[in-house]
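Below is one structure, written out as structure tokens; the observations come after it.
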Amino acid sequence: MLLYAAIILMMLGLYGILTQRNIIKIIISLNILEIGLNIFIISIGFVNGGVAPIFTGQNNLGSIGFVDPLPQALVLTAIVIGVGTTALGLALAKKIYAKYGTFEIDDMKGAE
Amino acid sequence: MKNFLSLVLVLALGGMIILSLQNNQYFTAYGEVDITKRVSESYIDRDVNGGTQAVEFGVANNLESGPANIVTAIVADYRSFDTLGEVTVLFVSSLGVALLLASGKQKRLDLHFHPNFMLRVGSRALFGIILMTGIFVIVHGHLTPGGGFPGGTMIASSILLLYLADDNFRTKVKSFKTLESIAGSLYVIIGLVGLFAFDYFLVNFLDNGILGELFSAGIVPIVYALIGLKVGSEISGIIDNFLTEEVA
Amino acid sequence: MLIDIIEIVVSVLLIVLAFLAINSKMLIKSVIFLSSLSMLSVISFIIMQAPDVAVTEAVIGSGLVTSLFVFTLLAVRKVEEKI
């Protein structure tokens, strides 16, 4: 179920990037696409009845019983890079507003 | 018209993803993964280089990789070079934000907000608690969920609280830049020590200790603490850039 | 059994919130919907047994990114007042 929700989130994010004409809305759509992608990558490593991949006193089962840790490590990386791209995009949006006085792409053509 | 074209494109993308997941031997159905057929089994059993020792919590000593948290073992030990690249990406992004927003003389963004006595005292008290939580999450990164990235961001959040509670507050951005450079350089120096004195770049050259103890896992806690410092100072710099404006 | 119901509720809410975040007229409402979407994705990460990712997403996705969006909108409102 979560797998299909993630695919629909990715589709909604891409649709937002293609159709929205407001810079902030485009960055929000990019974030939605990223969240969907993260849920998708985590879901391909899930095992029914598996526990979180941390050795504790209670579970010493070796490789049986854990969920797949590799997608989690990759998503940890992706989230932190996502905040970098979002911050850079918002800084660009702020600069664009200072120059044109609007976030709407259609209203920018005639300015200055 | 353009919206319709976008809709067709998006539906085609979703359809192709769902079609490619049907009857695919590499992507089994949700929840029915067999880990023993994947590379992750070697990360969990710690036998990437052919070690055969059994992994037991609180007993096993000097394993191939020390952390009890397997995600940390992958991020900060097996794939440490990848993490170095990622930290570089974050550094370049904070550099770009500073280049775009921090040109010229800066002053605080005026939020038209004057904190009262309770808010000032309360935010100072909360600052300490959030900072200690961040440090705890960083230090225990190899035993519990968390680690350098969320811990560093918690430290940055405590500084964000100080910014929000006081209209005239500004941190010393230069000291953040220095801290960030020192942490990044130390990460590379640890890697180079591994390259020249031992086998290869970023090799874990300290004793791994007993699985599950606080002082275990060799260089992994050191590397994660350095990552936490670097991420915390970078994100604090980004927050400072967003909350200042140029003097007109 | 309970976890299945939670999973379905979280999936539906994720899609509804994403739709609202893209289609609402006010920018600040979009930002708050994005923040709650992020918080719900934390629940889905916990259902899928990924506590590391959940902690990171809770701190970064729904805390820091939201504050950056709000600061951008605040700075813009200041410019509008001046004009």
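Every read-out reported here was derived from the displayed coordinates using simple, explicitly stated rules and does not represent laboratory data. None of these values were measured; they are calculated from a predicted model. Note that each Cβ is placed from the backbone with ideal geometry, even for glycine, and that neighbours are counted across all protein chains shown.
Equivalent ellipsoid semi-axes for the protein assembly as shown, as square roots of 5 times the alpha carbon gyration tensor eigenvalues: give them largest first, rounded to whole Å.
Details: eigenvalues 276, 175, 71 Å².
Listed largest to smallest, the semi-axes of the protein assembly as shown are 37, 30, 19 Å.
With r as the distance between the Cβ atoms of B:PHE27 and B:HIS114 and R0 = 56 Å, compute the FRET efficiency 1/(1 + (r/R0)^6) and round to 0.05.
Values: r = 57 Å, r/R0 = 1.01.
After rounding, the FRET efficiency stands at 0.50.
Any idea which of B:VAL55, B:ILE35, C:ILE15 is furthest toward the positive side of the dipole for the protein assembly as shown, if Lys and Arg beta-carbons carry +1 and Asp and Glu beta-carbons -1?
Value computed over the given set: C:ILE15.
For peptide B:35-42, what's the mean number of Cβ atoms from other chains within 10 Å of each residue's Cβ?
5
Going by Cα centres, the stretch B:194-238 and the stretch C:46-72 are how many Å apart?
Going from one Cα centre to the other spans 24 Å.
222 nm [θ] for chain B, helices only, -39500 (n - 2.57) per DSSP H run of 4+, per residue, to 500?
Calculated at 222 nm, the ellipticity per residue is -19000 deg cm²/dmol.
What is the Cα radius of gyration of chain A over 2.2 N^0.38 Å, N being its residue count?
In units of the 2.2 N^0.38 Å rule of thumb, it is 1.49.
Rounded to the nearest 0.05, what FRET efficiency do B:LYS2 and B:LYS174 have when you use their Cβ-Cβ distance and R0 = 51 Å?
Efficiency at R0 = 51 Å is approximately 0.60.
Hey, any idea what the orientation-averaged projected area of the convex hull of the stretch B:62-246's Cα atoms comes to, in nm²? Please report the intermediate quantities before stating the final value.
On the way: hull surface 45.3 nm².
Result: 11.3 nm².
Go ahead and run the numbers for FRET between B:ILE189 and B:VAL89, Cβ-Cβ distance against an R0 of 22 Å, rounding to 0.05.
So the FRET efficiency works out to roughly 0.65.
At a 10 angstrom cut-off on C-beta neighbours, averaged per residue, how do the peptides A:35-48, B:135-148 rank from highest to lowest?
Details: A:35-48: 21.4, B:135-148: 23.0.
Descending packing order for the listed peptides: B:135-148, A:35-48.
Measuring from centroid to centroid over Cα atoms, what is the spacing of the stretch A:1-61 and the stretch B:135-163 in Å?
Between the Cα centres of the stretch A:1-61 and the stretch B:135-163 lies a distance of 23 Å.
Could you tell me whether chain C comes out rounded, prolate or oblate from its Cα gyration tensor? Rule is a ≥ b ≥ c as square roots of the eigenvalues, rounded for a/c under 1.5, then prolate if a/b exceeds b/c, otherwise oblate.
Numbers: a/c = 5.73, a/b = 1.96, b/c = 2.93.
Cα axes put chain C in the oblate bin.
Mind checking B:5-17 for the average number of partner chain beta-carbons within 10 Å of each residue's beta-carbon? Before the final figure, lay out each step's value.
On the way: counts 2, 6, 4, 0, 4, 10, 2, 1, 5, 8, 2, 0, 7.
Taking the mean over all residues of the peptide, I get 4.
Can you tell me the dipole magnitude for the stretch C:2-82 around its Cα centre, using point charges on the Cβ only (Lys, Arg +1; Asp, Glu -1), in Debye to the nearest 20?
Taking the Cα centre of the stretch C:2-82 as origin, the dipole is about 500 debye.
Below 14 Å, Cα to Cα, which aspartates and glutamates can B:LYS105 reach? Residues fewer than 8 away in the same chain don't count.
Partners within reach: B:ASP240, B:GLU245, B:GLU246.
Looking at B:HIS140, B:ALA197, B:SER103, which one has the Cα that reaches farthest to the positive end of the dipole of the stretch B:62-246 (charges on Cβ: Lys, Arg +1; Asp, Glu -1)?
Toward the positive end, the furthest listed residue is B:SER103.
Order of B:MET118, C:MET1 from fewest to most other C-beta atoms within 10 Å?
The most exposed by this proxy come first: C:MET1, B:MET118.
What angle do you read, to the nearest 10 degrees and between 0 and 90, between the alpha-carbon axis of helix B:173-197 and the longest principal axis of chain B?
20
Please report how far the C-alpha centroid of the stretch A:68-93 lies from that of the stretch B:2-41, rounded to the nearest whole angstrom.
Taking the Cα centre of the stretch B:2-41 as reference, the centre of the stretch A:68-93 is 22 Å away.
What does a probe at C:ASP4 reach in the stretch B:6-36, counting residues whose amide N is under 13 Å from the point 7 Å along Cα→Cβ?
Answer for the stretch B:6-36: none.
If the cut-off is a Cα-Cα distance under 17 Å, which lysines reach B:LYS230, setting aside same-chain residues fewer than 8 apart in sequence?
Within the straight-line cut-off, B:LYS230 pairs with B:LYS172, B:LYS174, B:LYS177.
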